[in-house]
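The values are calculated or read from the model by the stated rules, or taken from the named source; none is laboratory data. Here the structure is a predicted model, which is why all the values come from computation and not from measurement. Glycine gets a Cβ as well: all are built from the backbone with ideal geometry, and neighbour counts include every protein chain shown. The accessibility values were calculated without ligands, DNA or RNA, using every heavy atom of the protein model including side chains. Shrake-Rupley method; radii C 1.70, N 1.55, O 1.52, S 1.80 Å.
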Amino acid sequence: RMLYRLAERLKLKPDVAFEGLESSDPSFAHARKGPRGYWTKLPREGKLDFTFNLVAAADRIGRGLPRSDFQGFLRRFTSEARVEPPTKKCGPLLAKWHDFAQQQGDQLIFLNALSQDFTLPYACLTHLLSADGGLADQMAWRLVQTLNEGTSSWLVLALPSPGSYIKAEPKLRPFLSFQPEAPSGHYDLDLSCGCQRGVAERLVLINAWEVAKDKGATRPDVSQFGNWSRWRNILHDKIEVALPPPRPVDEEGEEIPLAPEEDAGGGCLRWPIPTSGQLEFDYVSAQRVTMGSPGISPETFSGLLERLQTSFATSYAKCSALRGACGRMQITSRQLRRLLVLFDGEERLQLAASFSSRVVDPQNSRIWMAVFLSEEGGWETIRKRLGFIETFPFYQPERWSFDMDFTVYEERLIATFLRGLATKEKPKSNLRNYSYIDGDGVVDRMKDGVPPAWANLAQVPIVGSFKCSYRCAIVDRNLE
């Protein structure tokens, strides 16, 4: 009944909210709302399995907000989906906490319940921390997500001592460094930690809203597996997560519409996030700055580089500070290159993922991409994280080589790009050094050339691999 009431509050139909429903009673039917406002006619025995899908309400909740206002969207969603106790009920809530004094197991259960379902006033949180009984660090990483969106950093001020923060900081770090306005990046989260699981839940919501916006604007699906999701390379406890299969297409390559309950905004949304284990994945937002917008002035950027080079902070701290500010920065490809060469390893990859969508001159992206081309394995890593389509050189494909795995949707899409581009420019000579290896390992040198039918995604094989390079003379370029 509580879930039915929540679905009603979010204006979700039961068939959409209760996803993948299976009942031990074949005649099971959803509850109905009685004349007194109560949900009735629920069976009193049997077994019911389902996934309760809140994110299907993302499109309605985000209606009227600018596409880039992820913070505002999360704030709206939290206010509707979580319970914020009124002032008069905070007293009894805190009294219940004091009833559990000296009962640490019950206190942890109480904290977990608060972290999952409630939004707490800051004053309420400070009172809980002041009466921690030695649990301040655990309360910090459990309750930080109960604060209103955008005020999580206030938690530091509420902790009773610096030592409490030092103990809690390793678990708090992914949550406090998460920037909804610039969510692109690589994530490695401990799902048994409430605030880190909260980061994954927020990215599920942002993904749902981005997918709804993409479909509403009839944008093409450029996801990794053809499911519209912005999540990539998902591993749970080092095991690859198999998302639902790609959307079916007809003979013309057009997507076959699915029923609303089957199409709730992207494949990863129909995979319930576990409550334990290590979750590793990449998120690549479709958010972009307006092409041609003014970047950071040369003087300001030179000052930023000087501060970075003279600071005694660790590379991780510098990287975190830059990622925290990137949602309010716009830079050129040359500036991004100068920034990336100051870092190496994981920090360089994280900054590239965060700032690639903040570049005001994407036609010059080859300038910053060259940083990864010069290091062994660097280009393959950044291309895997950002995606083949995000790193595809649309403006300057000349002298690039491609190696595509046709079992992956986005790599088949690259083949259609290349075949279509060659058709417009010079199909017989622009695609070179091509070969196709089918699913049985048989090499086809394609003596008759790359099939023109590959310009249609539905005609590209879904197994095997394809290699080629692209060359184009200046006189043959077609920029239309």
- [ ] Restrict the check to segment 173-195 and report whether at least one residue is modelled with pLDDT of 85 or more, open to solvent by less than 10 Å² (accessible area, probe 1.4 Å) and of a type in the set (A, V, I, L, M).
- [x] yes
Open item on the list: I need a count of the residues in segment 322-359 that are crowded, with 20+ Cβ neighbours inside 10 Å, touching a residue at least 40 places away in the same chain (Cβ under 8 Å) and within 15 Å of R288 (Cα to Cα).
Closed with: 7
- [ ] Kindly list, by first and then second residue, each pair from a residue in segment 435-463 that is among the charged types (D, E, K, R) to a residue that is not in a loop (DSSP other than H, G, I, E, B), limited to pairs with Cβ atoms under 6 Å and residues at least 6 apart or on different chains.
- [x] D444/Y436; R445/S435
- [ ] Counting only residues that are farther than 28 Å from Q335 by Cα and charged (D, E, K, R), give me the helices (runs of 4 or more DSSP H) lying completely in segment 364-475 with at least 3 of them.
- [x] 409-424
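Within segment 196-218, track down each residue that is hydrophobic (A, V, I, L, M, F, W, C) and open to solvent by less than 10 Å² (accessible area, probe 1.4 Å). Show your work before the answer.
Taking segment 196-218 as the starting set, the residues that turn out to be hydrophobic (A, V, I, L, M, F, W, C) are 199-200, 203-206, 208-209, 211-212, 217.
Within segment 196-218, V199, A200, L203, I206, A208, W209, V211 qualify.
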Task: Failed criterion for L349 (all others in (1) under 30 Å from I474 (Cβ atoms); (2) part of a helix (DSSP H, G or I) hold) - done: (1)
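Given the options D106, D221, name the one that is open to solvent by 50 Å² or more (accessible area, probe 1.4 Å), farther than 26 Å from R328 by Cβ and charged (D, E, K, R). Explain how you work it out, then say what you get.
Working: D221 fails: open to solvent by 50 Å² or more (accessible area, probe 1.4 Å).
None of the other options fit; the residue is D106.
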- [ ] Go over the candidates R82, R44, R36, R76 one by one and state the one that is within 35 Å of the chain's Cα centre (by Cα), among the basic types (K, R) and either exposed (fewer than 11 other Cβ atoms within 10 Å of the Cβ) or under 18 Å from L3 (Cα atoms) (or both).
- [x] R82
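Which of the residues belonging to segment 173-184 are in contact with a Leu (Cβ under 9 Å, 6 or more places away or on another chain) and not in a loop (DSSP other than H, G, I, E, B)? Before you say what the answer is, go through the steps one by one.
Just the residues of segment 173-184 that are in contact with a Leu (Cβ under 9 Å, 6 or more places away or on another chain), to begin with: 174, 176, 178, 180, 183-184.
Within segment 173-184, P174, L176 qualify.
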- [ ] List the number of the failed condition for Q102; all other conditions in (1) modelled with pLDDT of 85 or more; (2) outside any helix (DSSP H, G or I); (3) not small (G, A, S) hold.
- [x] (1)
- [ ] Could you tell me which numbered condition E280 fails, if it satisfies all but one of (1) at pLDDT 90 or above; (2) open to solvent by 30 Å² or more (accessible area, probe 1.4 Å); (3) more than 12 Å from the chain's Cα centre (by Cα); (4) not β-branched (V, I, T)?
- [x] (3)
- [ ] Say whether the condition of being out of contact with any Asp or Glu (no Cβ under 9 Å at 6 or more places or on another chain), open to solvent by 50 Å² or more (accessible area, probe 1.4 Å) and either part of a loop (DSSP other than H, G, I, E, B) or at pLDDT 85 or above (or both) is met by at least one residue in segment 131-139.
- [x] yes
Open item on the list: Checking C90 against (1) touching a Phe, Trp or Tyr at 6+ places or on another chain (Cβ under 9 Å); (2) assigned to a helix (DSSP H, G or I); (3) open to solvent by less than 50 Å² (accessible area, probe 1.4 Å): exactly one of these is not met. Which one?
Closed with: (1)
Task: Test: residue in segment 390-413 that is of a type in the set (F, W, Y), surrounded by fewer than 17 Cβ atoms within 10 Å (Cβ to Cβ) and touching a Leu at 6+ places or on another chain (Cβ under 7 Å) - done: no
